[in-house]
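In what follows, a structure is listed as structure tokens, so that the remarks can point back to it.
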Amino acid sequence: METNIRVPNGGNRLSIELGSALNLQFPNEPSRHMFSLIGMDIDELLIVKPKAFPQVRHLINEGVSVVVRYLSNGKVFGFRSMIQGKVVKPLPMVFLSYPDHLETINLRQKERIYCYLPAQLVTEQATLPGMVVDLSEGGCRWVSKNPLLPKEIHLAVNETIHIAFPLPGKCGVIKMQAMVRVVNQEPGLIQIGMAFQNLDAQTVEDIARYVAEARSVQQKMA
């Protein structure tokens, strides 16, 4: 279930750890660019580091407004910020204004379990091998880390895709339609959070059984 919530920040620290991945969207730029959070001065500014500085250097200018998004505990948090400045040496860093409120989107109806299932992702552009790394009856997160990933692969939120993977305890491969909910992409790496669509009752039952069994094992090991 998606729920948009406007949250006054009220001087509280953001619900994010140092080193977390951030998506920055610049004006008139359809794609989002990966940064990591390396510091903050609460109520004053955030310090972020670009993953691929040469690709975004021309976009980083003082006074430019950006939209920042990050994932935490199954929710996407987003806020608007303004670039306060940058340094290039000894390493590239960008200074962003501290947000006064957040927008949140609850992405998950069901609690997900961690897993490691080989999966094929099918888009209009290509078929990509990867792994499902978390799963619930409602959706999953798929990851592919490959330096040879096609550069022309561009996925957008709400785009329809298909995914296929074997489910332990069930013969064969299950194939499903899904809608893209979150995209993190950088050279050689794609992470996609998706919500399943139009599942038949048997597939839902099979996934629910596997999730329940895996959760029980993981809780015993915790």
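A short reminder: the numbers here are calculations on the coordinates, not readings from a lab. Here the structure is a predicted model, which is why all the values come from computation and not from measurement. Neighbour counts are summed over all protein chains in view; Cβ atoms, including those assigned to glycine, are modelled from backbone coordinates with ideal geometry.
For the residue pairs LYS49/LYS89; LYS49/LYS145; LYS145/LYS170; LYS145/LYS175, the alpha carbons lie more than 19 Å apart in LYS49/LYS145; LYS145/LYS170; LYS145/LYS175. Give me the net charge for the shell around MET93: Cβ to Cβ below 14 angstrom, other residues only, Lys and Arg +1, Asp and Glu -1. Around MET93, the charge tally is +3. Against the empirical curve 2.2 N^0.38 Å, the C-alpha radius of gyration of the chain lands at a ratio of 1.10. Evaluated at q = 0.16, 0.20 Å⁻¹, the base-10 log of the normalised Debye intensity for region 113-221, with identical point scatterers placed on the Cα atoms, takes the values -0.69, -1.04.
Neighbours of MET82 by Cβ distance under 14 Å: Lys/Arg scored +1, Asp/Glu scored -1, total -1. With 0.36 nm allotted per residue and the present C-alpha distance subtracted, the VAL157-ARG57 stretch has 33.5 nm of extension available. Sequentially through region 43-49, phi angles give Karplus couplings (6.51, -1.76, 1.60; θ = phi - 60°) of 6, 10, 7, 10, 10, 10, 10 Hz, Gly and Pro residues having no value and appearing as x. Given +1 at the Cβ of Lys and Arg, -1 at the Cβ of Asp and Glu and no other charges, the dipole of region 113-221 around its Cα centre is 280 debye to the nearest 20. Computed from the C-beta positions of GLN120 and SER20, the FRET efficiency with R₀ = 22 Å rounds to 0.15. Working ranking of peptides 46-56, 86-96 by packing, defined as the average number of other Cβ atoms within 10 Å per residue, highest first, is 46-56, 86-96.
Placing +1 on the Cβ of every Lys and Arg and -1 on the Cβ of every Asp and Glu, with no other charges, gives the chain a dipole of roughly 400 debye about its Cα centre. Here the label points at ILE42 and ALA214, each 7 Å from Cα along the C-beta direction, are separated by 3.6 nm in the simple model. Taking 12 Å as the cut-off, the amide N atoms of region 27-64 that come nearer than this to a point 7 Å along the Cα-to-beta-carbon line of MET82 belong to 62-64.
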